[in-house]
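These notes concern the structure reproduced below.
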């Protein structure tokens, strides 16, 4: 593999220098790291474990709402606050703001992870397409139900406490989101080098056999989903505070935008690899931001076409393609004899 | 919510009204779901663009109605147009996903669904539309229950289509070839069936069925570019509950879902319609799991 430290150095330099050199694009950079978190967490399930969830955005929205409820609920009556739906500005002292944010983010992460356990109990008996459709259903239903819950502002949404002081907090949330992306990456790097990844890869390759070999598949699946939910919960809490206004369908549970982006980015970069989702996220976000406004309403059509082309013609993704092309650089040894046999076998099966 | 329930208890005719509306619309859901069961059973492709085919058919009817042509005439036209569209889609994309893993077909058709919904949105705008059919409304039980004739006509046409489909699958050479392929594709190939052509035909037939169902739905209900995903989920609910290759089951599940939606729409409010469909989906999936767990031992 290409010199690892160059890659780390480049990423770090990009993360630190990018917003310093181009401060006007700071919030774009924040969203970029959010995208990296999205595709990395999707890949735990979709890439490493072979469980393709279409509803991971659920945990993002849950994190956002839980954090908001804690932040406001600590100091005010939540129902009265939400009823104003942002019309009356309530001032939080800096101390209240940061305590609320910290406690809210932690609660968001924990609640999201716990909900993953609860939903895991429901959906993990489902395999393949049922799992994908079931998770999609959960995410859609969550958006609809939140929209009907008046305590958190219902469909009209609610505004969050404003960032204290003169600045609008863009730089503050950039640093937090960047740190979240880095910690997610480091955690997954550690995780993928452990026995845990062997177990979830075995589930991907053949769940029945893995179960037969004594792997407690249900437990591994639940833990893997809780891990993605944990990081997604934090990302939702941060993003909600960054935008300052949350609303169920477009901001918290955007199934057809963020929810699909995370799948697409992981596939584009190469699912089941550590760097693939990151490369896919950066590439996708940059292309999207550069071309989006010039497409004049056709951008969503283009998004659909990109999904189809990506899935049908280029499913291995960029990193997967590179591994096929230059396996020796990734430390993969190709046994040509075995490869030939494999081909014969697949012929025979056909 | 409780008020609405007690209202149902006090006015028995309201129940009849909701049930009737639900059954009449449910027949149309069952039609689209039968198409999905066909494609799923024969090709093992889970088509998430199912609902968008329905909406496309619906817009053909709307275009006809706007130009002063009765939407019923749009029925054969929509079926033919959608058949051709399905064939094109098969040759360009679906052909390449049949032999791949399960998620590929699901995500590819999801991509197609996004493209179709957005293209329709650009062409017709996001407003809710209806194909005016000019039918009268029948009044039953001293004015307590009303039924629009359009719904009865749509129900009748859907039944005719269903009978026609079943006859086609049983009697015609192509229908027999489709059933043979779904039983064992390899054996069918050995026996000289051009399975590639069977797949193409099955997918196009499904698109045609959806197109026809869409015309009827546009006549009796409303369509909007982004309603496709709800229709897709409905089809999935029905097929998952009934299992494929089980036509009576599909019809019963379709009618049941239609009635359930009407009642929940009345009791909870119309904005919960999508949530109801999704809720039923999750309930069905859990129920399937409980069933499965009886057959299978898991490491605990």
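None of the figures in this text is laboratory data; all of them are computed from the coordinates on show. What you are looking at is a predicted structure, and each value in this text was computed from that prediction instead of being measured. Reconstructed Cβ throughout: ideal geometry from the backbone, glycine too, with neighbour counts over all protein chains shown.
Working from Cα pairs under 8 Å separated by at least six residues, relative contact order for chain B is 39 percent.
From helices alone, chain A scores -23000 deg cm²/dmol at 222 nm; the rule is -39500 (n - 2.57) for each run of n ≥ 4 DSSP H residues, then divide by the residue total. This ranking places A:62, B:193, B:55 by how few other beta-carbon atoms lie within 10 Å of each, fewest first, which gives B:193, A:62, B:55. Peptide B:97-108 is shielded by partner chain Cβ atoms: per residue, an average of 6 of them sit within 10 Å of its Cβ.
The Cα atoms of region A:151-208 give a gyration tensor whose axes a ≥ b ≥ c have a/c of 1.5 or more with a/b no greater than b/c, which makes the shape oblate. The largest-to-smallest principal axis extents of the Cα set in chain A are 72, 46, 40 Å.
If I stretch the segment between residue A:250 and residue A:313 completely, what's the gain in nm (0.36 nm per residue apart, minus their alpha carbon distance), one decimal? Don't skip to the end; give the middle numbers.
Values: separation 63, 0.36 × 63 = 22.68 nm, distance 3.05 nm.
Taking residue A:250 through residue A:313 to full extension adds about 19.6 nm, to one decimal.
The simple spin-label model puts a point 7 Å past each Cα toward its Cβ; for residue B:5 and residue A:77 those points are separated by 2.9 nm.
The long axis of helix A:258-269 is offset from the longest Cα principal axis of chain A by roughly 30 degrees.
In chain B, the DSSP-assigned H stretches of four residues or longer account for a calculated mean residue ellipticity at 222 nm of -25500 deg cm²/dmol, using -39500 (n - 2.57) per stretch and the full residue count as denominator. Potential lengthening of the chain between residue B:179 and residue B:292 amounts to 38.1 nm, from the contour at 0.36 nm per residue minus the alpha-carbon distance. Shielding value for A:135-146 is 5, the average number of Cβ atoms from other chains within 10 Å of each residue's Cβ. Here the contact order of chain A, divided by its residue count and restricted to Cα pairs under 8 Å and six or more residues apart, works out to 29 percent. Each residue, residue B:222 and residue A:326, gets one label point 7 Å from its Cα in the Cβ direction; the gap between the two is 5.7 nm.
Run the paramagnetic zone check for residue B:153: 7 angstrom along Cα to Cβ, then residues of region B:58-81 with backbone nitrogen under 14 Å. Under 14 Å, as judged by backbone N against the label point of residue B:153, lie B:61-62, B:64-66, B:68-76 of region B:58-81.
By the count of neighbouring beta-carbon atoms within 10 Å, fewest first, A:174, B:199, A:220 end up ordered A:220, B:199, A:174.
Sorting A:110-121, B:121-132 by their mean Cβ neighbour count within 10 Å, with the most densely packed peptide first, gives A:110-121, B:121-132. Note on region B:2-292: the alpha carbon radius of gyration divided by the globular reference 2.2 N^0.38 Å gives 1.01. Here the extension length gained between residue A:103 and residue A:257 equals 52.6 nm, from 0.36 nm per residue of separation less the Cα-Cα distance. Assign one of three labels to region A:1-53, namely rounded, prolate or oblate, based on the Cα gyration tensor with a ≥ b ≥ c the square roots of its eigenvalues; rounded applies when a/c is under 1.5, prolate when it is not and a/b is larger than b/c, and oblate otherwise. It is oblate, given that a/c is not under 1.5 and a/b is not larger than b/c.
Counting other Cβ atoms within 10 Å as a rough exposure proxy, the listed residues B:151, B:170, B:189 run B:170, B:189, B:151 from fewest neighbours to most.
For the ranges A:44-51, A:138-145, what's the packing order if you count other beta-carbon atoms within 10 Å of each residue, average per peptide, and put the highest first?
Working: A:44-51: 25.1, A:138-145: 22.4.
Ranked from most to least packed, the peptides come out as A:44-51, A:138-145.
Among the residues of A:294-303, the average count of other protein chain beta-carbon atoms within 10 Å of the residue beta-carbon is 3.
Note on residue A:12/residue B:80: beta-carbon distance plugged into 1/(1 + (r/R0)^6) with R0 of 51 Å gives a FRET efficiency of 0.30.
Shape class of the protein assembly as shown from the alpha-carbon gyration tensor: oblate, with a/c at 1.5 or above and b/c at least as large as a/b. Against the main long axis of the alpha-carbon atoms of chain B, helix B:50-66 sits at an angle near 60°. Note on residue B:163 and residue A:121: their simple-model spin labels are 5.0 nm apart, each label 7 Å out from Cα toward Cβ.
Between the helical axis of A:4-21 and the longest alpha-carbon principal axis of chain A there is an angle of about 30 degrees.
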